[in-house]
Amino acid sequence: MPLVEPSPELAELRPAIRRFVEDRLEPLALEIDRSGEIPAAAWALLREQGWLGMLLPAEAGGGGADLGTYCLVMEEVARSHRCFTLLLDATSGLTPLAIHRRGTAAQKEKWLKGLAAGTLRAAFGLTEPEAGSDSAAMRTRAERVEGGWRINGRKHWISGGHAADVVMVMAVTDPAKRARGGIAAFLVERGTPGFEVTRIDTTIGSEAIKLGELTFTDCVVGEDALLGGPGDGFAIAMSSLASGRLGVSAACIGAADRLLAMSVEFARNRSTFGQKLADRQAIQWMLADSAAEIEVARAFLYDTLRKAVAGAELGTATSICKLTCSEMVGRVADRAVQIHGGAGLMRGFPVERFYRDIRHYRVGEGTSEIQRMLIARDLLR
Ligand SMILES: Cc1cc2nc3c(=O)[nH]c(=O)nc-3n(C[C@H](O)[C@H](O)[C@H](O)COP(=O)(O)OP(=O)(O)OC[C@H]3O[C@@H](n4cnc5c(N)ncnc54)[C@H](O)[C@@H]3O)c2cc1C
């Protein structure tokens, strides 16, 4: 168990959450890896625990949990498989949260209960082939037509985009303004004429999460598809991404913690030249460095979460968390593979899977370079 806890109340919850993850989710983690699919049982178990839609309010069918509790669950499920964290995120994260914060009563009524229960799926459509980190350079356009908007453009690498019932699509409404009031967010339903899934990609690690390329060709949506005002989309997207950084940070801590536990176990059991690896100073120092880095990152995350729950202004603290935690888990994973030797590179050993999965954290939801840019911009303002 960690040296620091988010609060005495959450510390009490941790052992039961961990037991559930180890007993019930871990067998599914192995299945996800073998099949490359997320079994229905994974959704069912998370639903049974009340972990789907945790951050949404009870009246929207959610769990009404605060960010601290959500991140505790995120951290613990990440000790088993990254895919579980993505199910939490899909039902409480970018798009559901944006609908909760900015949706009309009708939009909330239409989407939130199903999204919170995991019976409807949402995706977040920001990235384009020519606009990743520089998302305001997007080319997707939305023009006013009678009774609504006509969308033209292409989004790629959209997690779960191929299977989503609704995609939150960011599109330029005023090219002169772009990020400063010229981008809108639309809730585009699957099956809308002109909206097509044109390719499905898979990535290194977490192959069960497929990425869709989405094409919009004269795709006409009603005024009721607009989330917020016609110039609010960029701010809505950025605000969702900022909240998401704390969940990602918690997932990094959980993955790092498991990698360290596996490394300790391996070092205790593996002998070379007549001595346990655990008795070698070279190995001990790797374990100690990982433990120290995990605890420091964890302490800063928990402090930020306490401030978030108290309603404090977080500034660049979310970027500092995301940068620190995602870079930290990269180093911990690298050491874990080194300690495991060849076993660390073998398919079927969890450490190999974690090594692939955690590589996403330095890229997704704002790369490390973009987090540094945000932190430096604030320092130099
Ligand atoms: C598995 C996966 C899932 C994804 N899911 C989604 C999703 O659901 N929805 C969605 O909208 N997008 C999604 N994405 C896209 C993801 O958000 C982008 O890949 C990410 O934002 C980076 O954009 P890019 O890949 O175009 O890299 P680029 O922006 O082209 O950057 C390339 C490199 O240059 C660096 N760089 C860029 N600009 C600067 C700068 N100013 N200074 C210094 N360095 C810089 C970057 O940090 C990176 O290292 C997903 C991507 C992956 C891999």
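Each reported figure results from applying straightforward, stated rules to the coordinates on display, with no laboratory input. Since we're looking at a predicted model, the values are computed, not measured. Note that we place each Cβ from the backbone using ideal geometry, even for glycine, and neighbour counts take in every protein chain shown.
Numerical summary
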{"read-out": "Cα-centred dipole magnitude for the chain, charges only on beta-carbon of K, R (+1) and D, E (-1), debye, nearest 20", "value": "500"}
{"read-out": "Most mobile listed residue (Leu120, Leu94, Leu227) in the chain, GNM with C-alpha springs under 10 Å", "value": "Leu120"}
{"read-out": "Pairwise centroid distance, computed over Cα atoms, of the range 322-381 with the range 136-170, Å", "value": "30"}
{"read-out": "Extension gain from Asp218 to Arg144, taking 0.36 nm per residue of separation minus the Cα-Cα distance", "value": "25.5 nm"}
{"read-out": "Efficiency of FRET from Cβ geometry, Ser35 and Ala343, R₀ 25 Å, rounded to 0.05", "value": "0.65"}
{"read-out": "Surface/4 of the Cα convex hull for the range 238-380, nm²", "value": "9.3"}
{"read-out": "Per-pair calculated FRET efficiency, R0 = 22 Å: Ala299 and Glu12 via Cβ, rounded to 0.05", "value": "0.70"}
{"read-out": "Cysteines in the chain that, by Cβ-Cβ distance, have no pairing candidate under 4.7 Å", "value": "Cys71, Cys83, Cys219, Cys321"}
{"read-out": "Exposure proxy order (Cβ contacts within 10 Å, fewest to most) of Leu211, Leu345", "value": "Leu345, Leu211"}
{"read-out": "Cut-off 15 Å between beta-carbons: net charge of the residues surrounding Glu327, Lys and Arg +1, Asp and Glu -1", "value": "+3"}
{"read-out": "Among Val332, Val248, Val296, residue whose mean-square fluctuation peaks in a GNM of the chain (springs only between Cα atoms under 10 Å)", "value": "Val296"}
{"read-out": "DSSP H segments from the chain that extend 15 Å or more along their own axis, Cα-based, with Kyte-Doolittle mean of 1.0 or above", "value": "67-78"}
{"read-out": "Value at 222 nm in deg cm²/dmol, rounded to 500, when DSSP H runs of n ≥ 4 in the chain each add -39,500 (n - 2.57)", "value": "-16500 deg cm²/dmol"}
{"read-out": "The range 8-117 shape via C-alpha gyration tensor axes, a/c threshold 1.5", "value": "oblate"}
{"read-out": "Distance histogram for the chain (every C-alpha pair counted, 10 angstrom bins, percent rounded to whole numbers)", "value": "5, 23, 33, 24, 11, 3, 1, 0"}
{"read-out": "Neighbourhood net charge (11 Å Cβ-Cβ; Lys/Arg +1, Asp/Glu -1) for Asn152", "value": "+2"}
{"read-out": "Most mobile listed residue (Ala333, Ala291, Ala122) in the chain, GNM with C-alpha springs under 10 Å", "value": "Ala291"}
{"read-out": "For the chain, the longest site-free run once GluC sites (Glu not before Pro) in DSSP loop states with at most 12 other Cβ atoms within 10 Å are removed", "value": "147-312"}
